[in-house]
1. With viscosity set to 0.890 mPa s at 25 °C, what whole-number translational diffusion coefficient in µm²/s follows for the stretch A:60-292 from Stokes-Einstein and a Kirkwood radius over Cα pairs?
2. Assuming a viscosity of 1.306 mPa s and a temperature of 10 °C, what translational diffusion coefficient in µm² per second does Stokes-Einstein assign to the stretch A:170-273, Rh being the Kirkwood radius over Cα pairs?
3. For the residues B:Asp116, A:Asp75, what sequence is obtained by ranking on other C-beta atoms within 10 Å, fewest first?
4. Where does the charge balance sit around B:Lys15 when Lys and Arg score +1, Asp and Glu -1, over other residues with C-beta under 11 Å from its C-beta?
5. How well do other chains shield peptide B:118-127, expressed as the mean number of their Cβ atoms within 10 Å of each residue Cβ?
6. For the protein assembly as shown, list log₁₀ I(q)/I(0) at each q in 0.06, 0.10, 0.13 Å⁻¹, using the Debye formula over Cα point scatterers of equal strength and ignoring solvent, two decimals each.
7. Shape call for the stretch B:1-101 from the C-alpha gyration tensor, a ≥ b ≥ c root eigenvalues: rounded (a/c under 1.5), prolate (a/b greater than b/c) or oblate?
8. What's the magnitude of the charge dipole for the stretch A:60-292 around its Cα centre, counting Lys and Arg as +1 and Asp and Glu as -1 at the beta-carbon? Answer in Debye, nearest 20.
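We did not get these values from a lab; they are worked out from the coordinates using the rules stated. Only a predicted model underlies this, so the values are computations on that prediction, with no experimental measurement involved. Because the Cβ atoms are built from the backbone with ideal geometry, glycine has one as well, and the counts that use them run over all protein chains shown.
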Amino acid sequence: MAASTAPVPAGTDAVRSDEAPPQDLLVVPVRHWGRWIAAVAAVTALTGLIGSLANNANLHWDIVGHYLFAGLIFDGLVTTLWLTAAAMVLALGLGTLIAVMRRSTNPVLYSLATAFVWVFRGTPLLVQIIFWGYAGALYKYVMIGVPFTHITFLQADTNSLLTPAVAALLALGLNEAAYASEIIRAGIQSVDEGQTEAAYSLGMRPALTMRRIVLPQAMRVIVPPMGNESINMLKMTALVSVISAHDLMSNIQDVYAQNYQVIPLLVVASIWYLILVTLLSFPQSWLERRYGRGTAQSGRTSPLRRLLTGSASRLRVLGSGPNHQKG
Amino acid sequence: MTVTTPMVHAEGVRKHFGRLDVLKGIDLTVERGQVCCLLGPSGSGKSTFLRCINHLEKVDAGRLTVDGDLVGYRQQGSKLHELREREVARRRRDIGMVFQRFNLFPHMTALQNVMDAPVKVAGADSAQARLDAERLLDRVGLADRAGHYPAQLSGGQQQRVAIARALAMKPKLMLFDEPTSALDPELVGDVLQVMRQLAADGMTMVVVTHEIAFAREVADTAVFMDEGVVVESGPPRQVLADPEQERTRTFLSKVL
């Protein structure tokens, strides 16, 4: 085909007549037979599995339907949700503090932060949850005062203070803080040292520099793994059922302990966890775009908009617009 | 000789990183309104000395003052008290710095980069700071780029925003650390033009640079450094055209 479009010297009719006239040719794509066979096999297997589940009388879809929107299950859902949110907020706040302490030049602060991460990341979460649940057996009273004196400002009975919900929140939050601090520390380290120097040279103090210059940039690195952690946290709340914190899983267990319909109720739990996890992934992509401002990827549109407007607009956004002029 | 204190005065300034002596006793004076260009091969300590001036690096020995104030310390009798964070930051406000790699804040637009410190550090009124920032961006020829993020600007534009950002704190001294070394050759001219204008307006400047032509044209003093010492300094006519030291001659013959 290339020969027919090549320039031909004028007045050489003999050369022109030698060439075949351009014609339309049919393109035959490569046939991927293996793909077809694999797809058919996979769909067959999946249909079989779905069929066996749908027809399995032990699954009791009627019971699943009955409990899916039951009041007790709904109460558990609410507890699971606020427990997840509160534990993540606690983890983020404490995690940031520990991350900053681990970067401190003060050896005491550094050691404390390191020890915290060592303990809370080094023991199983299940053990920590049960520990907090039974803290009353370790300390009968909680006091706030001056150590090694008899000066006391506040005193309370441990069991009345550490309800299962509070114990669950502390266990999940403190454990997660250890992991969050490492993610945040990595985020802070990812920001170029020159940013701090530029902020200092403008007269910013270290605290303002961290808050205003370093952390917003670190967020770009922090958000994706923290989104992961949030999803993990949502599911890990199921562990607090061992101290009956009345979360979704606790209440599910309460129900099947009475009616012995273990499988249908586990299906109810799975459906709700799946729905909640799906909902959680939306704010993550929003946050990623929010903190990606000013980077090469900030031209990205939201996944939803891309779906609505088609891929052509995405190409245009990434290409050279008025924003890419050089001067 | 006048009795005004020099803007920058260094006596026997020393600095080492571990066992490596980077500055081995620097003596240097920069008078008000003067432009001092620091020249020399890489590793000669010129950037380190520049960073000592606004206390990004701590001086190990010697005496370094900016506008009569000791950098990083307060002298009381025979004792030197290390300055607190707050006081160090307070003094840095008066010293603008421009970096080789620009170091603009990538999550802020050009305008936000310029007006952030006046608002957050100096406590300026936000509307007034915005007007000032727009004027400064206009001064460096980037009025139409105010809403752009650094990633959307060329290197030369970024460096000019960085100069505007430093000027926004109304410094009495500007430090330039190889401001054109990371730029494409065709973009160097715009940045040098802004610096030339700044010098003409009477700003006191200390410039670490490899632009010999710029130094010859703009500098009041050219300082040639090598291996942590000042080899020779004086008017650029003399240091750059007819150097006394063999080491200076060798360096100049290589870069010119």
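1. 123
2. 95
3. Fewest to most other Cβ atoms nearby, the residues stand as A:Asp75, B:Asp116.
4. Charge balance near B:Lys15 sits at +1.
5. That works out to 2 on average.
6. Reported log10 I(q)/I(0), two decimals: -0.54, -1.01, -1.31.
7. Rounded, since a/c falls under 1.5.
8. That gives a dipole near 660 debye.
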